[in-house]
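Please read the structure below before turning to the comments.
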2 protein chains.
Amino acid sequence: MQELSGKQGQILEFLRTFIEDKDYPPSIRDIQDGCGISSTSVVDYNLRKLEEKNYIRRDREVSRGIEILGSRGRRPRIVEVPVLGSIAAGQPIPVPTSERWGNDAEDSVAVTEDMIRGRQNVFALRVKGTSMIDDLIDDGDIVFLEPARSANDGDKVAVWLKDRGEVTLKRIYHEGARVRLQPANSTMQPIYTTADNVEVQGRFISSFRPAD
Amino acid sequence: MQELSGKQGQILEFLRTFIEDKDYPPSIRDIQDGCGISSTSVVDYNLRKLEEKNYIRRDREVSRGIEILGSRGRRPRIVEVPVLGSIAAGQPIPVPTSERWGNDAEDSVAVTEDMIRGRQNVFALRVKGTSMIDDLIDDGDIVFLEPARSANDGDKVAVWLKDRGEVTLKRIYHEGARVRLQPANSTMQPIYTTADNVEVQGRFISSFRPAD
DNA sequence: AAGCCTTCCGAACGGATGTTCGCGCAAACT
DNA sequence: AGTTTGCGCGAACATCCGTTCGGAAGGCTT
């Protein structure tokens with residue numbers, strides 16, 4: 001990526017702020033005014049240079065057909081993840097059905113797509129209390145889950161423990177008739193229980209710990 | 001938000017895909033062709049309706065002056081956070097200076113602005129090993145920090161412990177001549193040391209635990 | 001000096017584009 | 001039946017806007 005001249009940098013910066021502000025690219029004459037350039041042809045000339053140097057892409061003959069390339073312009077896809085509620089010991093998670101999905105979201109969080117690995121129907125829960133501290137999940141954390149009713153060995157899943165009346169997040173291992181729930185924290189002991197006592201609520205994808 | 005007619009929904013959907021694809025809004029005649037509409041005035045009519053119903057915003061007299069409103073269109077600001085490296089016991093963090101900033105980033109992560117609370121100069125580190133497990137931070141986690149050389153009581157900071165040759169993330173409390181470093185996990189014991197043994201590297205903002 | 005490249009300027013051309021106006025049609029209402 | 005309202009159609013208009021062209025000034029090499 002070659003270096004660019006003062007005017008070209010100025011134009012590129014103007015492009016960014018204009019798009020950020022208006023949500024559509026400027027016309028050549030917008031750039032002319034915004035950068036104090038005397039002629040449209042100068043703008044055109046420098047835009048060609050920027051295109052050569054691969055900072056932008058232009059759709060010729062199309063008004064405002066300018067697209068900023070590179071990390072600053074190439075926006076990652078954003079997905080809006082509904083925060084369906086809070087997860088706390090003693091309350092089962094309301095597993096979302098596709099119909100209900102989006103209706104009973106009390107809130108939502110915008111995240112970049114790679115944070116949920118491009119998975120579908122992801123929902124989020126706010127963690128209340130420190131009951132999952134042995135899974136390295138603190139009060140106030142946000143966990144992202146994808147709907148699931150079953151799980152493979154080693155999957156990190158949110159499970160409803162019927163006898164305890166409690167939801168927790170553990171790695172699950174089926175061992176014959178019983179089920180082992182292994183905390184993320186290796187210093188903690190696993191929970192052993194029977195298969196009919198656990199009910200998988202969702203598969204863990206990722207989690208986020210916000211600022212205080 | 002009122003309901004919209006079939007044609008209006010079609011136009012709105014076309015707007016989304018067009019912008020997603022090209023990164024600039026379509027002209028009225030683009031919409032006309034894309035939706036199989038016979039006249040530009042029909043497009044104009046329905047765009048006015050969409051504007052009345054608050055689905056879009058138009059800049060009149062401006063070509064392609066269309067902006068999609070609502071959660072799907074209103075994109076949260078994205079910031080690119082440089083991942084400066086890995087943090088592991090036994091290695092101090094390379095605190096970024098504004099000059100170096102952006103140069104020695106081995107990688108970067110795109111996050112929505114609210115994840116770092118709009119703070120400036122934020123950088124990220126990949127956590128290697130389980131040495132910070134008592135702070136509820138696991139191997140593979142990504143922590144977001146802002147540069148800082150000092151901290152107030154109760155701040156969660158990354159500190160370099162000279163005698164241990166180790167970096168860790170704790171809440172810091174100054175208690176006279178000594179310093180108390182309190183783990184996030186309340187079941188763990190705090191570390192007591194002297195003020196000249198600790199060196200603040202950065203202030204904790206948030207952390208993220210990716211999928212496996 | 002001569003030639004070439006880069007950058008900039010002003011003007012003009014022609015297509016692209018938003019807007020407007022008159023008209024038609026059907027359903028709903030008076 | 002007459003009127004209103006919502007919606008669509010086609011054409012025309014004025015402007016917006018990307019492009020092009022001739023020219024000029026400065027730097028660089030030969």
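Brief remarks follow.
- The accessible-area ordering, largest first, of the residues A:M115, A:M188 stands as A:M188, A:M115, per a 1.4 angstrom probe.
- Debye log10 I(q)/I(0) at q = 0.09, 0.17 Å⁻¹ for chain A, Cα point scatterers: -0.55, -1.04
- Calculated label separations, B:R178, copies of the chain, 7 Å along the beta-carbon direction, nm: 4.4
- Region B:78-208 - share of DSSP beta bridges that are antiparallel (%, nearest 5): 90 percent
- Net charge dipole size for chain B [Lys, Arg +1 and Asp, Glu -1 on Cβ; Debye, nearest 20]: 560 debye
- Between helix B:6-22 and chain B: long-axis angle, C-alpha atoms, 0 to 90°, nearest 10: 50 degrees
- Mean-square fluctuations from a GNM of chain B, with a 10 angstrom spring cutoff on Cα atoms, peak among B:D163, B:D114, B:D33 at B:D33.
- Cα shape, region A:116-176, gyration tensor, a/c 1.5 rule: oblate
- Largest GNM mean-square fluctuation among A:A124, A:A195, A:A177, using chain A with Cα springs under 10 Å: A:A177.
- Ordered by solvent-accessible area of protein heavy atoms (1.4 Å probe), largest first, the residues B:E52, B:E113 come out as B:E52, B:E113.
- For the protein assembly as shown, the square roots of the Cα gyration tensor eigenvalues, ordered a ≥ b ≥ c, give a/c of at least 1.5 with a/b no greater than b/c, which places it in the oblate category.
- Most fluctuating residue given options A:R180, A:R117, A:R58, as computed from a GNM of chain A linking Cα atoms under 10 Å: A:R58
- Using a probe of 1.4 Å on the protein chains alone, the accessible area found for A:I66 is around 10 Å².
- Heavy atoms of A:D139: accessible area, 1.4 Å probe, square angstrom to 10: 80 Å²
- By accessible area with a 1.4 Å probe, ligands and nucleic acids excluded, highest first: order of A:E166, A:E61: A:E61, A:E166
- When +1 charges are put on Lys and Arg Cβ atoms and -1 charges on Asp and Glu Cβ atoms, the dipole computed for the protein assembly as shown relative to its Cα centre reaches about 460 debye.
- With respect to chain B, whose longest principal axis is taken over its alpha-carbon atoms, helix B:40-52 is tilted by about 50°.
- Computed across region A:6-73, the Kirkwood radius stands at 11.7 Å (inverse of mean 1/r, all Cα pairs).
The values are calculated or read from the model by the stated rules, or taken from the named source; none is laboratory data. As the structure is a prediction and not an experimental result, all values here were calculated from the model. Because the Cβ atoms are built from the backbone with ideal geometry, glycine has one as well, and the counts that use them run over all protein chains shown. Surface areas here come from the heavy atoms of the whole protein model, side chains and all, with no ligands, DNA or RNA. Shrake-Rupley method; radii C 1.70, N 1.55, O 1.52, S 1.80 Å.
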